[in-house]
Amino acid sequence: MKQYAVVLIGMVVLATRVDGQAVRRKCNAEFPHQATACIVAPAEGSTLHSPSVRVVLQSKGIDIAPVAAGKAGAAHFHVFLDVDASPSDAAIPQGPGITHMGDGKKELRLENVAPGAHRVIVVLGDNSHVPVKGQKADTLYFQVAAK
């Protein structure tokens, strides 16, 4: 029996398709000098079998830091679950479906997510919770299966 070794170098998934639109999944070279927020997990279009959803985030072109650090030019993530993102010129509000990650973390768990289709939007906010100007936010769609 012959054995083969396959080496993949530089393989990057750049986009998946949702409703005919290309949705960027990774922080890539397309926006090399712009602050970019990316949802790394869950996978686009995935069906999850738990109401506890792990969301992993990544950024490019801007430092992520806790608000308490007061670091000028840094940002933190804001996650919107099934809620439209707020206007880009106003502070991001508190409320159901909106998670402020002012602690500077890049991962969170959304608990008790109901079965069905869901949308997550991630937006970078400054120390005053105002969206970073000129940023590229990310949107992801997934489903939670009924038990």
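All of the numbers you see were taken from the coordinates with simple rules; none came from a lab. Keep in mind that what you see is a predicted model, and the values were worked out from it rather than measured. So basically every Cβ, Gly included, is an ideal-geometry build from the backbone, and we count neighbours across all protein chains shown.
Tell me which aspartates and glutamates have Cα within less than 13 Å of residue 136's Cα, excluding those fewer than 8 residues away on the same chain?
Here the aspartates and glutamates satisfying the reach criterion relative to residue 136 are 30.
Quick one: net charge around residue 50, please, counting Lys, Arg +1 and Asp, Glu -1 for every other residue with C-beta under 14 Å from its C-beta.
+2
May I ask you to derive the FRET efficiency for residue 130 and residue 105 from their Cβ-Cβ distance with R0 = 22 Å, giving the value to the nearest 0.05?
0.65
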